[in-house]
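The values are calculated or read from the model by the stated rules, or taken from the named source; none is laboratory data. None of these values were measured; they are calculated from a predicted model. Cβ coordinates were reconstructed from backbone atoms using ideal geometry, including for glycine residues, and neighbour counts include every protein chain displayed. These area figures cover heavy atoms from the full protein model, side chains too; ligands, DNA and RNA do not enter into them. Shrake-Rupley method; radii C 1.70, N 1.55, O 1.52, S 1.80 Å.
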Amino acid sequence: MPSTSSPRRAAVIGSNRIPFGKAGGAYANATNLDMLGAALSGLVARFQLQGERLGDVAGGAVLKHSRDFNMTREAVLGSALSPQTPAFDVQRACGTSLETVTAIANKIALGQIDSGIAAGVDSTSDAPIVVSDRLRRTLIKLSRAKTLPDRLKLVASIRPGDLAPVAPDVAEPRTGLSMGEHQALTTLKWKITREAQDEIALASHTNLAQAYEDGLFDDLITPYRGLVRDESLRSDTSAEKLAKLKPVFGKGLGEGVATMTAGNSTPLSDGAATVLLGTDEWAAERGLPVLAHVVDAEAAAVDFVRGEEGLLMGGAYAVPRLLHRNKLVLADFDFIEIHEAFASTVLTTTAAWADEKFMVSKVGLPPLGKLNPAVLNVAGSSLAAGHPFGATGARIVGTLASLLSRAKQARPDGGGVRGLISVCAAGGQAVAMILEAA
């Protein structure tokens, strides 16, 4: 029986993901369940979990078909894990799989379970297309009609306009603005330059390419459907190439103020990622490594609807609260991972952390100071890897845990090595997390 006497830290034992694909690319015909199953099966094989009954599995996707109502449990049943392993689905927009890590880690910390898997997946290639409400209601009545005349009458009531499909909308329901247009407003407010955004984008591609060359992903990725590397990675990009791209967001804000391009914004992507968590004892019993421990996590939300804050500025609130609770500052971290929804999201968030007026008046805490760019997204991030919405958090946790373990082994003084994660999400939300090397 697991201990219930005191909280304990959940260990990050390892992770596995499939290379992230471009929308309409290598995974154009793969479903969420296909990709989640591939990432999960790769994790099971990597850590020899065949037949194991784990405490729980949490997974989720942002764009889901109605057929995916019990997706994570279905993925477990399709894997080599014991069919007695329970599973549940979670959704917190782009923070989905960081939330699944939090959920499983909390269960472990409370002594409810000794092991579990956190996961996330998303496909923009296989996005659900729904029919109009009028056609949907007619089809439901048609399925219940008992006589041929009733069925023919219902079929005859269908009009050509009813047949137009309704695709998923990336606009925020309460403002009608897309995420990119929201971020364009925030970018303008914080006076973020095009050059600074392109520098973030170039560093993302350069760092991700170098991480592949260094073998960082050798134990973190399982090739899938012909991909061995992330499909959006452009190791040959340059500042000159990025500077030639035309702005795609904020073009209606005024002459010459639009700065957000396809190069400094994340591409639509497909992919899945998983993280294996457990107690130190559970890992030791199976001869498995412990890379890092989950220290704490924080979720935040902002009022973007009335324009009081930018849609993707949740990290500017979540991180300071998390650090204050744990009595830490930015300088205490060896690695800082900020999800690159847009390059300017990284820049506006870090600018807010350093702004005394913003921090005191809006967050109610002292400024965090300037971020050391040398610790930011050192193995690349979403601009280069891609951003399957539900999978990004798990990708970052897996990468960061491996970086922390490597740094710990290389540190001669054996001192603590910490990592910080901030992931913004739709609905004005964000999730932040602290990991510490084991």
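With every protein chain kept in place and ligands, DNA and RNA left out, what is the accessible area per residue of segment 52-105? Probe 1.4 Å, answer in Å². Write out the running numbers ahead of the final one.
Numbers: 2010 Å² over 54 residues.
Heavy-atom accessible area per residue stands at 37 Å².
What residues qualify as long-range amide H neighbours of ALA87, i.e. H under 5 Å apart, gap of 5 or more or another chain, H built at 1.01 Å from N?
VAL57
Leaving ligands, DNA and RNA out of it, report the carbon-plus-sulfur percent of the accessible area of the chain at a 1.4 Å probe.
That fraction is 54 percent.
For LYS64, list the lysines whose Cα falls under 26 Å from its own Cα; do not include residues on the same chain fewer than 8 positions away.
By straight Cα distance, LYS64 reaches LYS22, LYS107, LYS141.
Under a Cβ-Cβ cut-off of 13 Å, what is the net charge of the residues other than THR31 that fall near it, where Lys and Arg count +1 and Asp and Glu count -1? All intermediate terms of the calculation are to be shown ahead of the outcome.
On the way: positive: LYS64, ARG67, ARG225; negative: ASP34, ASP68, GLU74, ASP122, ASP126, ASP270.
Net charge in that neighbourhood comes out at -3.
In whole Å, what are the Cα extents of segment 242-344 along the three principal axes, biggest one first?
For segment 242-344, the Cα extents along the three principal axes come out at 63, 32, 27 Å.
Spelling out what I want: for every residue of segment 334-348, take phi, set θ = phi - 60°, compute 6.51 cos²θ - 1.76 cosθ + 1.60 (Karplus), and round to whole Hz; glycine and proline get x.
7, 9, 10, 10, 10, 4, 8, 3, 9, 4, 5, 4, 4, 6, 6
Amide H to amide H, which residues 5 or more places from GLY60 or on other chains are under 5 Å from it, using H placed in the peptide plane?
VAL90, ALA119, GLY120, VAL121
Using only the C-alpha atoms of segment 67-129, find the volume of their convex hull and express it per residue in Å³.
Given the Cα convex hull of segment 67-129, per-residue volume reads 97 Å³.
State, to one decimal in nm, how far the label point of GLU213 lies from the label point of ASP303, with both points 7 Å from Cα in the Cβ direction.
5.0
With every protein chain left in place, what is the accessible area per residue of segment 159-220 in square angstrom, probe 1.4 Å?
Numbers: 3490 Å² over 62 residues.
Value returned for segment 159-220: 56 Å² of accessible area per residue.
Hey, could you grab the Kirkwood Rh for the chain? Inverse mean 1/r over distinct alpha carbon pairs, Å, one decimal. Could the numbers behind the result be given before it?
On the way: mean 1/r = 0.0444 Å⁻¹.
After inverting the mean inverse Cα-Cα distance, the result is 22.5 Å.
What list of ³J(HN,Hα) couplings, whole Hz, do you get for segment 317-323 from phi and the Karplus terms 6.51, -1.76, 1.60, once you set θ to phi - 60° and write x for glycine and proline?
9, 5, 5, x, 5, 5, 5
Determine the sum of side-chain charges near LYS244: Lys and Arg each +1, Asp and Glu each -1, restricted to other residues whose C-beta is under 12 angstrom from that of LYS244.
In short, +1.
Considering the alpha-carbon set of segment 368-438 alone, what are its Rg and its Dmax in angstrom?
Taking only Cα atoms of segment 368-438, I get Rg and Dmax of 13.4, 44 Å.
Using the beta-carbon distance between LEU163 and ARG67 and R0 = 25 Å, what value does 1/(1 + (r/R0)^6) give for FRET efficiency, to the nearest 0.05?
Working: r = 21 Å, r/R0 = 0.85.
It comes to 0.75.
Give the lysines reachable from LYS189 as a straight Cα distance under 20 Å; neighbours fewer than 8 places away on the same chain don't count.
LYS251, LYS357, LYS362, LYS370
Suppose every Lys and Arg Cβ carries +1 and every Asp and Glu Cβ carries -1, with no other charges. What dipole size does the chain come out with about its Cα centre, to the nearest 20 debye?
On the way: 44 positive and 45 negative charges, 279 e Å.
About 1340 debye.
Quick check on segment 92-205: take the gyration tensor over C-alpha atoms, sort the square-rooted eigenvalues as a ≥ b ≥ c, and tell me if it's rounded (a/c under 1.5), prolate or oblate. Walk me through the numbers before you get to the answer.
Details: a/c = 3.57, a/b = 1.53, b/c = 2.33.
It comes out oblate by the Cα gyration axes.
Normalised by the empirical 2.2 N^0.38 Å for globular proteins, what value does the Cα Rg of segment 17-111 take? Intermediate values should be presented prior to the final figure.
Values: Rg = 13.5 Å, N = 95, 2.2 N^0.38 = 12.4 Å.
The reported ratio for this selection is 1.09.
Where does each of 69-79, 115-125 land if you order them by average Cβ count within 10 Å, highest first?
Values: 69-79: 20.1, 115-125: 31.0.
Highest-to-lowest ranking by the protection proxy: 115-125, 69-79.
Taking square-rooted eigenvalues a ≥ b ≥ c of the alpha carbon gyration tensor, is segment 277-402 rounded, prolate or oblate, where a/c under 1.5 means rounded and, failing that, a/b exceeding b/c means prolate? If you can, show how the numbers build up before the last one.
On the way: a/c = 1.96, a/b = 1.60, b/c = 1.23.
Judged from the Cα gyration tensor, segment 277-402 comes out prolate (a/c at least 1.5, a/b above b/c).
Can you list residues from other chains, or at least 5 along the same chain, whose modelled amide H is less than 5 Å from the amide H of VAL295?
ILE434, LEU435, GLU436
At 0.36 nm per residue, minus the direct Cα-Cα distance, what do LYS153 and GLU52 gain on full extension? Give it in nm, one decimal, please. Could you put the intermediate results ahead of the total?
Working: separation 101, 0.36 × 101 = 36.36 nm, distance 5.48 nm.
Gain in length upon complete extension: 30.9 nm.
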